[in-house]
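Step one of this worksheet: look at the structure below.
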Amino acid sequence: MTIWTAVFLMVILSYIEADDYCYNEPYCDPYAWGDFFHSCHPLLEEHHSPIDLDLHMSRNTSLDALQLEGFEEVQGGHWTLENDGHSVVLLVGSGMSVSGGGLPGLYHTLQLHFHWGSPATNGSEHTLDSRRYPMEMHIVSMKSIHPNVSAALDDPTGLAVLGFFIDVVYADNVHFNYISQKLSTVAHKGQVSKIKPFALMSLLPKHNLSQYYRYHGSLTTPPCSQAVVWTVYEVPIYISWTQLAQFTSQIFSTEEDAEQVTPLQNNYRHIHPKFSRVVSASRDARVLLATAGRPVSPSVVLGLFHVCLLGLLTLVP
Ligand SMILES: [Zn+2]
């Protein structure tokens with residue numbers, strides 16, 4: 001090819017790259033991300049996220065609760081809520097950090113965001129023993145030694161992400177209203193809104209924060225950098241059906257003046273193999289108490305499956 005063809009192709013490719021990725025169109029969905037972001041290719045790299053948190057875990061009794069500095073306080077200034085076309089992101093300024101619980105250092109908290117399904121499908125990124133929850137919230141923090149996120153992405157433990165499953169009950173979660181009441185102001189891609197800071201701890205299952213799973217993985221969005229120490233909590237956050245529907249039906253991946261309006265739905269990446277990775281259960285993690293650390297017999301799995309199935313049946317109205 002001529003140099004001009006090459007330049008033209010590079011311009012096109014960089015345009016596509018800059019024009020990003022998507023979840024629901026075949027040419028740019030998660031299975032195609034590796035075509036434009038090589039580090040997303042599942043066969044070139046082996047430490048991808050999300051994964052299924054199955055019964056094959058090892059108990060690590062040294063994993064106790066993380067220190068969540070500043071999470072109980074109401075920070076000054078204002079926070080920013082943004083629809084970036086892929087999620088709703090809450091930028092939380094400075095003043096909060098996470099450490100301890102086996103993390104290799106102090107991490108400054110930058111933002112939190114959400115992954116969800118549709119009115120008919122669940123949309124958490126991780127699955128717990130193959131169960132996908134309705135939503136998942138990620139609190140993203142960067143190791144304090146790094147000057148910026150791109151430096152952190154070159155460090156295998158550059159980011160610490162706290163993952164919380166979100167499940168649904170009939171009652172509103174009043175603390176979740178801090179965010180859900182503002183969602184309509186960021187319904188369309190590119191919209192940004194100021195939000196009054198609140199104590200982030202009020203969103204979290206604060207009596208169960210020593211129950212979690214730990215593994216090393218990647219960003220679940222391009223460039224899929226393998227730079228994340230994952231902490232996925234066992235006990236979900238509960239919100240109402242109405243609050244869930246505000247995400248699944250009222251957020252759009254398109255701009256306000258777009259000719260065709262597209263709801264932002266199913267913004268989760270598919271499950272990846274663990275390969276040789278170890279997933280650890282914290283000292284207090286409960287779901288796997290009877291089985292963690294030793295091989296699980298098929299009868300136990302079958303028994304648990306029956307319990308889950310019975311649980312599901314009793315929940316269905
Ligand atoms: Zn995420």
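The values are calculated or read from the model by the stated rules, or taken from the named source; none is laboratory data. Because the structure is predicted, anything quoted here is derived from the model rather than measured. Every residue, glycine as well, gets a Cβ built from its backbone with ideal geometry; the counts of neighbours run over all protein chains shown.
Condition check ((1) touching a residue at least 24 places away in the same chain (Cβ under 8 Å); (2) farther than 30 Å from MET96 by Cβ; (3) more than 20 Å from the chain's Cα centre (by Cα)) across all residues:
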site: CYS22; (1), (2), (3): yes, yes, no
site: TYR31; (1), (2), (3): yes, yes, no
site: HIS38; (1), (2), (3): no, yes, yes
site: PRO42; (1), (2), (3): yes, yes, no
site: HIS48; (1), (2), (3): yes, no, no
site: ASP54; (1), (2), (3): yes, yes, no
site: LEU66; (1), (2), (3): yes, no, no
Single unsatisfied condition, HIS216 versus (1) closer than 25 Å to HIS272 by Cα; (2) crowded, with 18+ Cβ neighbours inside 10 Å: (2)
Within the stretch 106-116, residues being surrounded by fewer than 19 Cβ atoms within 10 Å (Cβ to Cβ) and touching a residue at least 40 places away in the same chain (Cβ under 8 Å) number 0
Flag for GLU72 being in contact (Cβ under 8 Å) with a residue 40 or more places away in the chain and closer than 30 Å to GLN265 by Cα: no
Of those in the stretch 214-241 that are touching an Asp or Glu at 6+ places or on another chain (Cβ under 7 Å) and more than 16 Å from the ligand (Cβ to nearest atom), the residue farthest from ALA65 (Cα to Cα) is SER240
Could you check how many residues of the stretch 92-128 are more than 14 Å from the ligand (Cβ to nearest atom) and out of contact with any Gly (no Cβ under 8 Å at 6 or more places or on another chain)? 19
Take the stretch 143-179 and flag every residue that is among the hydrophobic types (A, V, I, L, M, F, W, C) and part of a loop (DSSP other than H, G, I, E, B). ILE145, LEU153, ALA171
Out of the stretch 188-213, which residues are within 20 Å of the chain's Cα centre (by Cα), closer than 25 Å to ASN267 by Cα and surrounded by 17 or more Cβ atoms within 10 Å (Cβ to Cβ)? LYS189, LEU200, LEU203, LEU204, TYR212, TYR213
Look through the stretch 129-145, keep the residues that are more than 16 Å from GLN265 (Cα to Cα) and crowded, with 18+ Cβ neighbours inside 10 Å, and return whichever of them is farthest from the ligand (Cβ to nearest atom). LYS143
Scan (1) over 17 Å from GLY217 (Cα atoms); (2) more than 16 Å from the ligand (Cβ to nearest atom) for the single condition LEU43 breaks and write down its number. (1)
Here are some conditions: (1) within 17 Å of LEU66 (Cα to Cα); (2) out of contact with any helix residue (DSSP H, G or I) (no Cβ under 8 Å at 6 or more places or on another chain); (3) more than 13 Å from the ligand (Cβ to nearest atom). GLY163 meets all but one. Which one does it not meet? (3)
Of the conditions (1) under 20 Å from the mean Cα position of the chain (by Cα); (2) within 21 Å of LEU244 (Cα to Cα), the single one that VAL140 does not satisfy is (2)
Options LEU66, LEU103, LEU90: the member that is under 21 Å from LYS194 (Cβ atoms), among the aliphatic types (A, V, I, L, M), crowded, with 17+ Cβ neighbours inside 10 Å and modelled with pLDDT of 95 or more: LEU90
